[in-house]
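Single-structure report; data block below.
The values are calculated or read from the model by the stated rules, or taken from the named source; none is laboratory data. Quantities reported herein were computed from a predicted structural model and do not represent experimental measurements. Cβ: placed from backbone, ideal geometry, glycine included. Neighbour counts: every protein chain shown. Only protein heavy atoms, including side chains, enter the accessible area calculation; ligands, DNA and RNA are left aside. Shrake-Rupley method; radii C 1.70, N 1.55, O 1.52, S 1.80 Å.
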Amino acid sequence: QRVLLVGEGNFSFAAALCGTAGTRIVATCYESEEEASGRGGAAENLERLREGGAEVLFSVDCGKLKDYFLPENREFDRIYFNFPHCGRKAGVVKNRELLARFFRSAADVLAEDGEVHVALCNGQGGTPADQPRREWHNSWQIVAMAAGAGFILSNVHPFKAEAIQGYQCTGYRSQDKTFCVAGALNHVFTRSTPRAEFTPRSCRIELERREVSFQVPQVLVDKINRGFLDRNSNHPVRTVKEKLSAELSQAFPVRETDSCLSLLHQGHLNGVCHSNVFWISLSPEVAASTEEKPNGLTNTLSFSHVEFGGDTDQNGLVSVEERCHVSNRYCLRPSLLPSAQAIVERGAFIPGTLHVLSGPVFRQCLISPHSMPVFHEMLCVCAVNRGSEDSCIQMLATNIKASIDSLHQTVSASRLDISLQEATNFETAELNDFAAFESQLSEIQYFICMETESSGSSEKGSCVGIIRTALYELGSREVVAVFASLNLDLLAMLLCGVPDWRMLWTPDTRFLHQFPRGQLRLFKSFSLYPPSYVHDVSFWLPDGEQFDEVAFHTVARQVSGEAVASIQLLDSFQQAETGRRSLCYRLTFQCWDRALSCQEAAEMQLLFRKEIEHRLAVTLR
């Protein structure tokens, strides 16, 4: 490994590393050779370094590292900067600027999979790892400074000076007063995946024996056709689904029914709010495509880049005028329930057999760590003779609970509470977004609720599934279909301790590398203490129109690329004289899987203000 040491004082740290097998060291110092050699012990350390084959450079500015190396010599596997400081009475602002310059410079000379190690005195970093922790404004804000150069904090551990043979900490430019290293921390940074720039995409599908295309809503461009449930996938969502199916097959004959499911739904779903679905406009019939079908969505033919147009905007939002004419409109399927109901209505089922449907579904929803605009639904349906439905419900619920409990035991020994609760016990305000939307589809008999020690759910737990029934008259007999719907993504999150749904969709390979094929494990974050940035926005509502909060959140998703972690209503004000109403919201920008800088968040906020003024016809204050 090629190791670069920046800002060495007496070179004792470099000398301690010298001779490590498989390591080539380049040690640099900000001062000249004459200044550096005069420090206590520096001459001996320099001699040891040179004898060991290390390269030593003087007068090196940590903010211009690439200037000192030829292009072919710039890729270092590790870069160390121990106790950086601007000197003398420099305040936190100047030292933040020093860190920001260093990280930008380090990005130019670091290998793609390299690490940057920065040691700081206790409290300086401003992360929860510091004990005691300084207030954010009084710290060096190291994670935010690194984010500006595309780095995330992947590890932090004590800097054990006593364990480094011969190491002697010096002060700024070897002044008499040394840095206090008691409680010091070593911060390890790695490169973040860059922010994706999504271009509009068109999706071609076969619909009613003809080929049509539609524009993919922009917030879904990176999430459609990801193949989480493909046969060769090792995503935890697929593992949860496969293990649940295997467990249920011990109690029921199971039949998988995935290949013929339509990606689109025509018309309006009774009871479902228009703003909760992604409406799309079909383009005229096109010539048949010769491209190979992508994996994951079997009725998808091909994707291509397009410009936006049509009656819906790039987020699938429908204007007020268009809502009156949705009977012939199409939306991305928000549920697999209509497909399951069609199976029963056609009589295409075997009594007592558990038909299992699974695939992604799409719902516009408010922003929160557990509210997902797309997730993978597993829908089990079993048709039985009327009068047998209660025993079927109990048998199905018992086996689902046992399956989830079995999955949890393979991951963690912590407490798990999973319960079957009657829907009548819940108030609307107690339902999470998954359960609230399901309640719009049709009457629910039971909620399947789950709570782990780390889930932070309400007293009744987080709803991960629902059970409903429906009576059908098929010829001369009556049957009752029992439907059990499970949110596979939410289950995977709760079982594996994933803090935010966005992590399931990260392009960073460090997520999937934690989950070998067919295994569930507790998730270990590769981005620690991601910085958050708060921005407020207030505006007047248009006269006489109902404010669409879901559309407001959807615009935030789009302009930020899902970088908004939460939106909170701070104030609602109505002017007595005119009756005009004003709202004030707080947006928190935070990414769990990639670097997000203060400047990026500020630019997103400015764009968000422009977009809501344009799309929602509000007047900014």
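Too long at a 29 Å Cα-Cα cut-off: which of LYS223/LYS524; LYS66/LYS610; LYS241/LYS524; LYS223/LYS610; LYS401/LYS524? Walk me through the numbers before you get to the answer.
Details: LYS223/LYS524 23 Å; LYS66/LYS610 39 Å; LYS241/LYS524 21 Å; LYS223/LYS610 25 Å; LYS401/LYS524 26 Å.
Beyond 29 Å: LYS66/LYS610.
Which of ASN186, ALA413, ALA436 sits farthest toward the positive end of the charge dipole of the chain, with +1 on the Cβ of Lys and Arg and -1 on the Cβ of Asp and Glu?
Comparing the listed Cα positions along the dipole, ASN186 ranks first.
Which value, in Å² rounded to 10, gives the accessible area of GLU256 with a 1.4 Å probe and all protein chains present?
GLU256 has an accessible surface of roughly 90 Å² with all protein chains in place.
Heavy atoms only, probe 1.4 angstrom, no DNA, RNA or ligands counted: give me ASP77, ASP230 ranked by accessible area, highest first.
Details: ASP77 55, ASP230 30 Å².
My answer, sorted largest first, is ASP77, ASP230.
Roughly how many nanometres apart are two label points built 7 Å out from the Cα toward the Cβ at ARG210 and LEU471?
4.0 nm
Considering the options GLY7, GLN141, PHE151, tell which one lies farthest towards the positive end of the dipole of the range 2-191, charges being +1 on Lys and Arg and -1 on Asp and Glu at the Cβ, about the Cα centre.
Going by the charge dipole, the pick is GLN141.
Under a plain spin-label model, where a point goes 7 Å from the Cα along Cα-to-Cβ, how far apart in nm are ASN234 and THR193?
In this crude label model, ASN234 to THR193 measures out at 1.6 nm.
Straight-line reach from LYS160: which aspartates and glutamates fall under 13 Å, measuring Cα to Cα and dropping same-chain residues less than 8 apart?
Within the straight-line limit of under 13 Å, LYS160 reaches no aspartates and glutamates at all.
Order LYS89, LYS401, LYS160, most accessible first, counting only protein heavy atoms with a 1.4 angstrom probe.
Working: LYS89 195, LYS401 70, LYS160 120 Å².
Result, largest first: LYS89, LYS160, LYS401.
Using a Cα-Cα cut-off of under 12 Å, which aspartates and glutamates could be cross-linked to LYS64, ignoring same-chain neighbours fewer than 8 residues away?
Partners found: ASP108.
Taking all protein chains as present, what is the carbon and sulfur share of the accessible area of the chain, in % to the nearest whole number, probe 1.4 Å? Please list the in-between numbers first.
Details: 13000 of 28180 Å².
The nonpolar share, carbon plus sulfur, comes to 46 percent.
With each label point set 7 Å from Cα along the Cα-Cβ vector, what nm distance links SER388 and SER572?
Label at SER388, label at SER572, 5.0 nm between them.
At 1.4 Å probe size, what's the solvent-accessible area of LEU441? Round to the nearest 10 Å².
For LEU441, the solvent-accessible surface is approximately 30 Å².
So if I take the centroid of the Cα atoms in the range 111-173 and the same for the range 404-439, what is the distance between those two points in Å?
Using only Cα atoms, the two centres lie 40 Å from each other.
With Cβ to Cβ distances under 13 Å as the rule, what net charge do the other residues near GLN568 carry (K, R +1; D, E -1)?
Numbers: positive: ARG586; negative: ASP536, GLU549, ASP571.
That sum, taken over residues with Cβ under 13 Å, equals -2.
Among 47-54, 8-15, how do they line up from the highest to the lowest mean number of other beta-carbon atoms within 10 Å?
Details: 47-54: 15.5, 8-15: 26.0.
Result, highest mean Cβ count within 10 Å first: 8-15, 47-54.
With +1 on the Cβ of every Lys and Arg and -1 on the Cβ of every Asp and Glu, and nothing else charged, how large is the dipole of the range 2-191 about its Cα centre, in debye rounded to the nearest 20?
Details: 21 positive and 23 negative charges, 132 e Å.
Magnitude of the dipole: close to 640 debye.
Where the centre of each part is set by its Cα atoms, how far does the range 222-281 sit from the range 562-621, in angstrom?
33 Å
Please compute the length gained on full extension between SER249 and ASP222, using 0.36 nm multiplied by the number of residues separating them and subtracting their Cα-Cα distance.
Values: separation 27, 0.36 × 27 = 9.72 nm, distance 3.36 nm.
Stretched out fully, the SER249 to ASP222 stretch lengthens by 6.4 nm.
Relative contact order for the range 533-620 using alpha-carbon pairs under 8 Å, separation at least 6, rounded to a whole percent? Mind dumping the intermediate values first?
On the way: 121 pairs, mean separation 37.2, N = 88.
Relative contact order, the range 533-620: 42 percent.
Express the relative contact order of the chain as a whole percentage, based on alpha carbon pairs under 8 Å and six or more residues apart in sequence.
Numbers: 1243 pairs, mean separation 74.6, N = 621.
It rounds to 12 percent for the chain.
Straight-line reach from LYS243: which aspartates and glutamates have a Cα under 17 Å away, not including same-chain ones fewer than 8 places off?
Reachable aspartates and glutamates: ASP230, GLU256, ASP258, GLU377, ASP405, ASP489.
With all protein chains present and a 1.4 Å probe, how do ASP61, ASP417 order by accessible area, largest first? Please list the in-between numbers first.
On the way: ASP61 35, ASP417 75 Å².
Sorted by accessible area, descending: ASP417, ASP61.
Along each of its three principal axes, how wide is the spread of alpha-carbon positions in the range 2-191, in whole angstrom units, largest first?
Projected onto the principal axes, the Cα atoms of the range 2-191 cover 45, 38, 27 Å.
Do you know the relative contact order of the range 2-191, to the nearest whole percent, from alpha carbon pairs under 8 angstrom that are 6+ apart?
23 percent
Which value, in Å² rounded to 10, gives the accessible area of ARG191 with a 1.4 Å probe and all protein chains present?
50 Å²
If you put +1 on each Lys and Arg Cβ and -1 on each Asp and Glu Cβ, how big is the dipole of the chain around its Cα centre, in Debye rounded to 20?
On the way: 59 positive and 74 negative charges, 168 e Å.
Dipole magnitude for the chain comes out near 800 debye.
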